[in-house]
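Written out below as structure tokens is the structure these notes cover.
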Amino acid sequence: MKINRIQLLSLQILVAVVAIGLWHVLTKYEICGLARLGFEKNCTILLPPFFFSTPGDVGARIVKWFVEGTIWGHLWITLIEAALAFVIGSVGGVLIGFWFARKPLVAAVFDPYVKMANALPRVVLAPIFALWLGLGIWSKVALGVTLVFFIVFFNVYQGVKEVSPTVLNNARMLGMSERQLMRHVYWPSALSWMFSSLHTSVGFAVVGAVVGEYLGSAAGLGYIIQQAEGVFDVAGVFAGMVVLAAFVIAIDLLVTLVENRLLAWRPAVADTRT
Amino acid sequence: MKINRIQLLSLQILVAVVAIGLWHVLTKYEICGLARLGFEKNCTILLPPFFFSTPGDVGARIVKWFVEGTIWGHLWITLIEAALAFVIGSVGGVLIGFWFARKPLVAAVFDPYVKMANALPRVVLAPIFALWLGLGIWSKVALGVTLVFFIVFFNVYQGVKEVSPTVLNNARMLGMSERQLMRHVYWPSALSWMFSSLHTSVGFAVVGAVVGEYLGSAAGLGYIIQQAEGVFDVAGVFAGMVVLAAFVIAIDLLVTLVENRLLAWRPAVADTRT
Amino acid sequence: QEKKSLTLGVGGKGLLYYLPLTLAERLGYFKEQGLDVTITDFGGGAKSLQSLIGGSADVVTGAYEHTIRMQVKNQPIVAVTELGRFPGIVIAVRKDRADKIKTLKDLKGAKIGVTAPGSSTHFFANALIGKEGLKTSDVSIIGIGGGAGAVAAMKKGDIDAISNLDPVISKLEQDGDIVVLADSRSEEGNQKLFGGNNPAAVVYFKADFVQKNPETVQRVVNAFYKTLKWLEKASADDVAKTVPPEYHLGDVALYKKAFEASKAMYSKDGIVSDAGMKNAYGMLKDFDEELKGANVDLSKTFDARFVKKAAGGA
Amino acid sequence: MPSGSQAVSLRDVTISFTLADRGTYTAVADASLDVGDGEFVAIVGPTGCGKSTLLNVAAGLLKPSRGVADIFDAPLRGLNRQAGYLFQAEALFPWKTAQDNIAIALEISGTPRREALRRAEDWLARVGLAGFGPRFPHMLSGGQRKRVGLAQVLIRDPKILLMDEPFGPLDAQTRQIMGNLLLDLWNQDRKAVMFVTHDLEEAIALSDRVVIMSAGPAARIIGDWRVPLSRPRDTAEIKLDPAFHRIHREIWETLKDEVMKGYQQTGGG
Amino acid sequence: MPSGSQAVSLRDVTISFTLADRGTYTAVADASLDVGDGEFVAIVGPTGCGKSTLLNVAAGLLKPSRGVADIFDAPLRGLNRQAGYLFQAEALFPWKTAQDNIAIALEISGTPRREALRRAEDWLARVGLAGFGPRFPHMLSGGQRKRVGLAQVLIRDPKILLMDEPFGPLDAQTRQIMGNLLLDLWNQDRKAVMFVTHDLEEAIALSDRVVIMSAGPAARIIGDWRVPLSRPRDTAEIKLDPAFHRIHREIWETLKDEVMKGYQQTGGG
Ligand SMILES: Nc1ncnc2c1ncn2[C@@H]1O[C@H](COP(=O)(O)OP(=O)(O)OP(=O)(O)O)[C@@H](O)[C@H]1O
Ligand SMILES: Nc1ncnc2c1ncn2[C@@H]1O[C@H](COP(=O)(O)OP(=O)(O)OP(=O)(O)O)[C@@H](O)[C@H]1O
Ligand SMILES: [Mg+2]
Ligand SMILES: [Mg+2]
């Protein structure tokens, strides 16, 4: 069942083609025989273009954006915001996660508050961020940070607690200081947890940035989407989301590269012949 | 450094008291000498009540809600939505996570699409959910599910891949079928990853429900918050968030109880005398 | 030294409600006045007001009622020019319910979709059913937003009636999904509902900003005044050509239709009349606890100096 | 040569590992080994020569880079379903108690849980751990864990036993007891056994054949002795037999040279 | 009695573990043991009697339920910073190569990395693993991993050595070589050594004293023999000494009974 890169890529493209094909057909043509499935009308367009646009329109819009070049500025803003949110959020999550894991008392006392904070709807916090950080990129970064931080934090906290007790004891007997334990034991041991969370976080960093823009801004992908949404420009909304998705894949690829470098020590996945 | 439950509780309460005290002072009294810190005015109220309300007002509002009993209905709706989102999202995340982990080809093909989906701003999807699922609780549940699912999914996926190779080989040599491996090896081994992600997810399930309500609904905590926001009733907004936070802590407590039962096999945290 | 580069907040720039802003921008009137204006678009009017109070925005195009509310909350803000004379809000019922709900009175027990609970569409609905002797608890209110979601909610049959703005209303009218019960986009409609004007979109600043930067405020007002004058003479085609093509609702005909329906709404002279102030205040007072007992000095909500000067200069 | 069919038959097996720097390390080169049905073969060799690697091949966990592995005269594809494998490293399920760890081996093949638990309890007693059933692995000593592993493998009664230093962390006495236990079981229905050990005396005392591997890299099988001792044996008493000492000395001479060679190859001082 | 001060002194140490069912299991009861400065003490006992537990107490990783542990005549609080501990279980850092695993032991105390790596390379050669420096632990055999662990502990040159079956997974020859290596080092500056092993011959060949523990539960120290053999020794040659055989037989008698007892206590059959 081993397949090579090219086969994999073609399969992936196949999935995309099928999805887009379905989208095209369902927004363009009436599907009949629905009465038996409990629909009101027997024939209807399942995905009305007013809500779902069509692949053609969306594609045309994306091409237009790139040809006219208007999209670059927005992409750049969103990139900066997401990158900052990602970096600040994950560094914060890692640091506080380690700190909590190493100071059980601190962790126990603040535990309920961390969980509370995690549950606050970020949308409601937007005005407060705007108050403190202005309308520039920083209020959007803050929104992203509040999402990324918690995911990374919880995973690092758990990752540190999962260190093999024997390895930990060995390190301590070798005389490692708390700082050295951090660097040589907790950090590498928590890495795979961290990377698992980073994959989620990349997405959430972008979501944070875009939602921030969506709630109030003058530029960025979220701004484009919001503008489009208010005026029924569904093609614009979907085009924005497609660009966004492509964008996230690009960032995620970077994370994976770093991950593969840092986790080189692991045994390759066991030969699973059965 | 071992402390008992009562001491811990008092410390936790102390933190709350200090936080509320600070909130009170900073919203009530002008703080002077700020010019040296680079502020424009020398004396100012650091947390303007227009944005932060005051603990007194918020407390009074919460008491009023509970005394009049108007809050219960809203709480109930939000609870149902969050609980459904949590259950559906995490069951889905666990199932698909396992599936992907066991079928590397499927995982490889769909990997970019999962990451794309994770990056779509849920706020933008709200109208589509409303279209498909109506304005009742299900569109809010859907929003929560899209948040919970990805967090659980990524962690379960990683958790399955982290199984100790020797233990896995042993299980396979003992003749376990794929299903038995699932149940006796992957599942217990992924449990701690899962629970780490469930703690984050509880929060996100509630966030999803509340944001869904915030974007369009007739009841629930998000509805209360949005209504308050529309008329600049900050006390109402904060009261809503406080109730929300308390609510999440209660659910999280449940998760922790289950976790402690299921993870009883782990070595107690090493005696960290240093 | 006055502030020449401004951040302007708005909650939904693409809406026809705020058309003068987009026009002023596209026609280059801000630049003409030597202003550098950054327009920041928010998820709603409440958020743009908050950013003004918080100091991150300098000027907002928003609802007139904000100036009244903020006076009660001791956050003095002042409107300097009117953009819309009427709220432009429409109440309509779903077509298949139109046989049962013929007047506002029949809304008893209905589910009404508003843009957001606590927003002006919500108050508008409350005010109108109040006039018919219904209580707020006689209907159930659902927030459905002001975009495609609102259209979806109506088409799907999740709500019986809707209190919303353009373009949602025009879209639903065009598709034949609704029957209008009350329309505040036109002169007659407002006459019928309020007996006159009811100021809606205005340009407002913080009071102390106006004091410190009278020259800048004047320039802003000049720009908007010029826009209003342009708009008075403009045809639907002119407008459609001026706004960005994305604003065309995916359908230029629909856009023009919506514009025509709303055209009467835009202010002609930028002045908020005393009667209009009273109408607006009266509508709020009936349904907002906080405003009921409050003492509001309406004369402080609008400063007519700038518009008058702009009119004189033009 | 053993009579009857071959339980495990490795032909010209070469195993190379790819290293991180993309070089390869050939652990075992052109090794051929037959284990007859019902034959007890001990494998002895210097540390790191490739004993565990060879067992992994017989278990089907590792595909040889070259050569073939046959199990009961059929080429091995995927996992060797006829074999039970006691791993050298820790392989108990940390989330199961000692008793559950043993019982699961039966439950897998459909034994009802109650029955499996009962038999697991018997086995706990047999390996000297009665009363330790409810303990999780981290609450057991190294030797106790190994014995739980032993019970886990033996309770299934597989046709082929692969055992990688099963008595390593046990004291001499317990070793003998466990050795006798293993021989008793083996005598009942003569499984094929591949038994890796560092203890040459143990190897001779238990097995029909002792196979010696050379030091790595590219380790080969350099010696193959039949053990001319009668069955049934008692592992303690047999050591007093003069034939035991003869064969021990003989094998030891070969082995000693080999270890020294290996040590010098890897540059040891 | 050993002369000079005591490196490790355990007085009436009792160690109980809390079990999952809230019962307790007393592993070691009222054990007293002195290890003089520069003394090499071997600890032998049946599997599961409490040898590792005792080492954990001396290392400061486990607080005895009763009794005290003194290190160089000062009560032990927290970790024993003077000791190096070779664990029975796998304890290498899986994310570090063999060379880094050894070098880190020096880097911790401030040795510059280059210097640490150089010395780690020397040590790899000494334990017979020259050329295996860039391998991660999962690419090494069981015996190779143990030797890396050995180098990791020895390179630090601690004043007290705690070794839990250090030569367990090694073949007899390598065992002797490692034993001689250990004795050489020990002869240079006479550390205190607590050496757990199951091989009584090894225990006698290496140590000044052999301590025998009874079978658990509530294991005690039931025997303490001085080894009357001269130093320096060669672990292979010393086994030919008649004095070696005398003491071996003597200890063996005690030990055998003890193991049988332990086996019956836990219900083994
Ligand atoms: N994944 C791997 N990558 C590279 N080399 C490996 C890998 N696994 C094992 N080796 C090498 O193969 C050789 C044989 O290893 P194996 O584990 O079979 O030895 P062994 O005979 O079982 O030794 P021991 O008695 O120490 O357990 C060793 O030199 C080891 O370093
Ligand atoms: N965490 C624990 N909880 C309960 N009992 C334990 C725990 N750790 C060890 N024990 C018990 O204490 C006893 C002594 O264990 P220890 O590991 O010291 O034995 P040992 O002498 O090192 O044995 P071996 O030679 O098998 O390694 C054993 O019976 C073991 O089951
Ligand atoms: Mg091995
Ligand atoms: Mg032990």
**Report entry** For B:Leu263, inter-copy label distances in nm, listed shortest first [label point 7 Å out on the Cα-Cβ vector]
**Finding:** 1.9
Query - Total accessible area lost when E and D pair, probe 1.4 Å, Å² to nearest 100 - result: 3300
Query - Lys, Arg +1 and Asp, Glu -1 on Cβ, resulting dipole of region C:135-207 about Cα centre, debye, nearest 20 - result: 300
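Hey, can you find the accessible area per residue of chain D for me, probe 1.4 Å, expressed in square angstrom?
That works out to 38 Å² for each residue.
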Query - Interface burial for B against A (accessible surface, 1.4 Å probe, total of both chains, Å², rounded to 100) - result: 6100
Query raised in the report: Reachable lysines from C:Lys212, Cα under 20 Å, same-chain residues fewer than 8 places away excluded?
Result: B:Lys41, C:Lys3, C:Lys4, C:Lys300, C:Lys308, C:Lys309
Query raised in the report: If you stretched the chain out fully between A:Tyr29 and A:Val87, how much longer would it get, using 0.36 nm times the residue separation minus the C-alpha to C-alpha distance?
Result: 16.3 nm
Query raised in the report: Once you average over the residues of D:47-56, how many Cβ atoms of partner chains fall within 10 Å of each Cβ?
Result: 4
**Report entry** Surface/4 estimate of mean projected area, convex hull on alpha-carbon atoms of the protein assembly as shown, nm²
**Finding:** 58.5
**Report entry** Which listed pairs, of C:Lys226/C:Lys263; D:Lys96/D:Lys146; C:Lys192/C:Lys256; C:Lys155/C:Lys256, have C-alpha distances above 18 Å, in listed order
**Finding:** C:Lys192/C:Lys256; C:Lys155/C:Lys256
Report summary line: Over its alpha-carbon atoms, region C:44-127 yields an Rg and a Dmax in Å of 16.4, 50
Query raised in the report: Projected onto the charge dipole of region B:54-262 (+1 at Lys/Arg Cβ, -1 at Asp/Glu Cβ, origin at the Cα centre), which of B:Asn155, B:Ser217, B:Gly175 gives the Cα projection farthest towards the positive end?
Result: B:Gly175
Report summary line: Note on chain B: contact order normalised by length, alpha-carbon pairs under 8 Å, 6 or more apart, percent, works out to 21
Query raised in the report: Based on the Cβ-Cβ distance from D:Asp189 to D:Leu229, what FRET efficiency comes out when R0 is 22 Å, to the nearest 0.05?
Result: 0.60
Query raised in the report: Using a probe radius of 1.4 Å on protein heavy atoms only, what is the accessible area buried between chains C and A, both sides summed, to the nearest 100 Å²?
Result: 2000
Query raised in the report: Where does each of E:244-256, B:180-192 land if you order them by average Cβ count within 10 Å, highest first?
Result: B:180-192, E:244-256
Query raised in the report: Which part of region A:175-206 falls in the paramagnetic zone of A:Ala250, meaning amide N under 16 Å from the point 7 Å along Cα-to-beta-carbon?
Result: A:203, A:206
Report task. Mind giving me the nanometre distance, one decimal, between the label points for D:Lys256 and C:Arg305, set 7 Å out from Cα along Cα→Cβ? Result -> 11.3
Query raised in the report: Taking the Cα-to-Cβ direction at C:Lys278 and at B:Leu11 and moving 7 Å from each Cα, how far apart do the two end points lie in nm?
Result: 6.6
Query raised in the report: Once you sort the root eigenvalues of the Cα gyration tensor of region E:1-98 as a ≥ b ≥ c, which label holds: rounded (a/c under 1.5), prolate (a/b larger than b/c) or oblate (the other case)?
Result: oblate
Query - Whole-number percent relative contact order across chain D, with pairs defined as alpha carbons under 8 Å at least 6 apart - result: 25
**Report entry** Cross-link table C:Lys100/C:Lys257; C:Lys13/C:Lys171; C:Lys95/C:Lys278; C:Lys73/C:Lys108; A:Lys161/D:Lys63; C:Lys31/C:Lys268, entries beyond 25 Å C-alpha to C-alpha
**Finding:** C:Lys100/C:Lys257; C:Lys95/C:Lys278; C:Lys73/C:Lys108; A:Lys161/D:Lys63
Query raised in the report: In the protein assembly as shown, what percentage of the DSSP-assigned beta bridges are antiparallel, given to the nearest 5?
Result: 55
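With +1 on each Lys and Arg Cβ and -1 on each Asp and Glu Cβ, how big is the dipole of chain D about its Cα centre, in debye rounded to the nearest 20?
Its charge dipole is roughly 600 debye.
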Requested in this report: With a 1.4 Å probe and every protein chain left in place, tell me how much accessible area E:Phe72 has, in Å² to the nearest 10.
Outcome: 50
Report summary line: Of all C-alpha pairs within region B:54-262, those more than 28 angstrom apart amount in percent to 38
Query - List of region D:166-183 residues, accessible area with partners at least 30 Å² below that of the chain alone (1.4 Å probe) - result: D:Pro169, D:Asp171, D:Ala172, D:Gln173, D:Ile177
Requested in this report: Calculate, for region A:19-118, the solvent-accessible area per residue in square angstrom, rolling a 1.4 angstrom probe over the heavy atoms of the protein chains.
Outcome: 54
Query raised in the report: What nm distance separates the two modelled labels at D:Arg66 and C:Asn74, each placed 7 Å from Cα along Cα→Cβ?
Result: 9.1
Query raised in the report: Using a 1.4 angstrom probe and counting only protein chains, how large is the accessible area of C:Lys308 in Å², to 10?
Result: 130
Requested in this report: Treat chain D as a sphere of radius equal to its Kirkwood radius over Cα pairs and apply Stokes-Einstein at 4 °C in a medium of 1.567 mPa s; give the translational diffusion coefficient in µm²/s, rounded to a whole number.
Outcome: 67
Query - Estimated translational D of region A:1-125 in µm²/s (Stokes, Kirkwood radius over Cα pairs; 37 °C; 0.692 mPa s) - result: 160
Query - Isotropic mean projected area of the C-alpha convex hull, region A:128-200 (nm²) - result: 6.1
Query raised in the report: What percentage of the solvent-accessible surface of region C:144-245, computed with a 1.4 Å probe over protein heavy atoms, is contributed by carbon and sulfur atoms?
Result: 47
Requested in this report: For region D:130-239, would you read off the P(r) tail past 23 Å as a percentage of all alpha carbon pairs?
Outcome: 33
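Mind running the shape call on region C:163-304? Use the C-alpha gyration tensor, a ≥ b ≥ c as the square roots of the eigenvalues: rounded below 1.5 for a/c, prolate if a/b tops b/c, oblate otherwise.
oblate
Would you please classify the overall shape of region C:10-150 from the alpha carbon gyration tensor, given that a ≥ b ≥ c denote the square roots of the eigenvalues, rounded means a/c under 1.5, and beyond that prolate means a/b larger than b/c while oblate covers the rest? Mind dumping the intermediate values first?
Details: a/c = 2.58, a/b = 1.88, b/c = 1.37.
Judged from the Cα gyration tensor, region C:10-150 comes out prolate (a/c at least 1.5, a/b above b/c).
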**Report entry** Under 15 Å from the Cα of C:Lys229 - aspartates and glutamates, other chains or at least 8 residues apart
**Finding:** C:Glu25, C:Glu82, C:Asp238, C:Asp269
Report summary line: Here the cysteines of the protein assembly as shown without any disulfide-compatible Cβ partner under 4.7 Å are D:Cys49, E:Cys49
Query raised in the report: Setting aside same-chain residues fewer than 8 positions from C:Lys135, which aspartates and glutamates have a Cα under 17 Å from its Cα?
Result: C:Asp106, C:Asp286, C:Asp288, C:Glu289
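The values are calculated or read from the model by the stated rules, or taken from the named source; none is laboratory data. Predicted, not measured: the structure shown is a model, and the values here were computed from it. Note that each Cβ is placed from the backbone with ideal geometry, even for glycine, and that neighbours are counted across all protein chains shown. Just the protein is used for accessible areas: all its heavy atoms, side chains included, with ligands, DNA and RNA removed. Shrake-Rupley method; radii C 1.70, N 1.55, O 1.52, S 1.80 Å.
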